[in-house]
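The values are calculated or read from the model by the stated rules, or taken from the named source; none is laboratory data. Note that the structure is predicted; figures quoted are calculated from it, not measured. Every residue, glycine as well, gets a Cβ built from its backbone with ideal geometry; the counts of neighbours run over all protein chains shown.
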Amino acid sequence: MTVLDRAARDTLMPMHVLADPDGRILSTGPTLARIAGEMQLAGRDLLSVLPVSRPAGIVSAADLRAASGRLLWLRLGLGGPELRGVVVETGEGGMLLDLALSLPALSGIDALGLSADDFAPTDRTPDTLYLLEAKSLLSSEAARLIARIEDARVTAEAQAGTDPLTSLRNRRGLDAVLARLREGAAPFAVTMLDLDGFKAVNDRLGHAAGDALLVETASRLLGVTRGDDIVARTGGDEFVVVFPDLAARDTLADIAARIIAALELPVVLGDDRARISASLGTALSTDYVLPDPARMIADADRALYAAKEGGRARHVFHTPRHGRSARKPVEGPDG
Amino acid sequence: MRGLLGRAMQAFVIESYGAALWDDIARRCDVPGGGFEILLSYPPDLLDRVEDEVARRIDRTRAEMLEDLGVHIVARPHGDAVRRLLRFSGARFGDFIENLPDLPERLRLAVPGLDLPPLDLAAVAPPGAGWIVTPGDPRIVPLLVGVLRAMADEHGTLALVEATRDRRGIDVSLLCAEHGAARDFALGGGLRGAAR
């Protein structure tokens, strides 16, 4: 077998190595020389500058010759780029090793300062790089788009759980909070609140005044509850307060009294002053073996109804009929 | 394709005329979310409206605006992803032009859904003096004029790039192949900074 002349080798295989029968490098292609940089290749032992990492056990010129035609993985010097190669025997008993950059090595190819001219015209390495760049462009665009959609989703979700008039949570937002509390081990209380006298203000002063009154009510509720308490507006003049980590009846009764007092302060609506109050009913998670938010709300609502029946401006605790404790029913103080 | 062209127009307006003008154009034309996404498709009439509005606001004809846009796509100072992808089409300007018929398929491989019309190429005698490029859809002639002009600059080549008299093709005359320095283009240079 004859070896192509050097110019032909350099054009077809710009990363080749030609070695003598002992494995000493005779010449290399121009691109391999460029990648090697300062590192002198000619005259050196091929396997010491281009050790074969796979398949294992190729340590001598004879091993290399025996691996003719097989795919080899090599590295150019310490920390150099990973290369794939194939060896063929030449007519003079020498070896011709053709090399290409491995796929992982392409991600660091910019450090090698190569251009399309450094590859054989038939080599698809530049095309591979083109596709890799297109892929990374598209994946960064996809990541950006996903982040933008995720932002929009979070905003939409927050809006879906918010009452636009008062910016309090709506029923949906409340359900999410209760579902979370139900999963937790800590006790909590749910207070239903219905305004007394709201309809009269709405009828007398109009819807705009009614809306202003609801906004003022929301702000007062936030003012007299704790920072971690959750205030929601679930209907026209119906509010719900959730008290995480709280099941002490005396504390809850105090807060209920403060809420009623705060809501009874007159509200200035333009040239008018409105006076309202509120009735409240509370259910405690500790009264249930397995607290179910829907049932707690229904029970708190029943207690609220009892408060209304009892003369309004009052707070009533739900009284478990078959509670796990034999605690005596407690009624809140009158508002 | 539509998202890509829309985004190119958005970048062109923001980088050449300011973000306030773009916000106004996006609002008037009802661009969803105030900006184009490369990966999304948009109704063709939206893009038409935006093209008209951009041209009107920068006081150019639509063809002039599209030429400027073509130049901007290649020569824009920030984010040179498209420029780099185009540079892969040939090591010299002449190679780039000779490879134009492959460009639509190359771009489709890079960006699925990017449907550039076919590009026909005819050489002008004597060999190497110039070419006539004829796209399958004459509407992209002005944009392509801008892109080819900027690619000539990119390669440091002095070339005359003009729409043909019937405005259905592009006349490329090579005046001086190595007129100035080509812009840097190291293979793989777009891979490290790609996450930006």
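Points to keep in mind about this one:
- Note on segment B:148-164: among residues that are in a loop (DSSP other than H, G, I, E, B) and crowded, with 17+ Cβ neighbours inside 10 Å, the one that is farthest from the other protein chains (Cβ to nearest Cβ) is B:T157.
- Meets criteria (more than 14 Å from chain A (Cβ to nearest Cβ), more than 18 Å from B:I97 (Cα to Cα) and assigned to a loop (DSSP other than H, G, I, E, B)) for B:R167: yes
- Some residue of segment A:154-174 being assigned to a helix (DSSP H, G or I), under 32 Å from the mean Cα position of the chain (by Cα) and within 14 Å of chain B (Cβ to nearest Cβ): yes
- In segment B:62-127, counting only helices (runs of 4 or more DSSP H) that sit wholly within it, the ones holding 1 or more residues that are in contact with a helix residue (DSSP H, G or I) (Cβ under 9 Å, 6 or more places away or on another chain) and within 11 Å of chain A (Cβ to nearest Cβ) span B:81-87, B:93-98, B:103-110.
- When the strands (runs of 3 or more DSSP E) confined to segment A:15-95 are screened for residues that are at pLDDT 95 or above, within 51 Å of the chain's Cα centre (by Cα) and closer than 25 Å to A:T125 by Cα, those reaching at least 3 such residues are found at A:72-75, A:82-89.
- Evaluation of B:G90 against the conditions (1) small (G, A, S); (2) buried (at least 16 other Cβ atoms within 10 Å of the Cβ); (3) outside the structural domain of B:V141 (by TED's automatic domain parsing) shows that the sole unmet condition is (3).
Here is a yes/no grid of residues against (1) out of contact with any helix residue (DSSP H, G or I) (no Cβ under 6 Å at 6 or more places or on another chain); (2) free of Cβ contacts under 8 Å to residues at least 60 places away in the same chain:
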residue: A:A66; (1), (2): yes, yes
residue: A:L76; (1), (2): yes, yes
residue: A:L97; (1), (2): yes, no
residue: A:D110; (1), (2): no, yes
residue: A:L114; (1), (2): yes, no
residue: A:R124; (1), (2): yes, yes
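- Criterion applied to A:A134, A:A185 was being crowded, with 20+ Cβ neighbours inside 10 Å, free of Cβ contacts under 8 Å to residues at least 40 places away in the same chain, more than 24 Å from the chain's Cα centre (by Cα) and more than 30 Å from A:A261 (Cβ to Cβ), and the one residue passing it is A:A134.
- The combined condition, being basic (K, R) and either at positive phi or more than 8 Å from chain B (Cβ to nearest Cβ) (or both), is fulfilled by A:R124.
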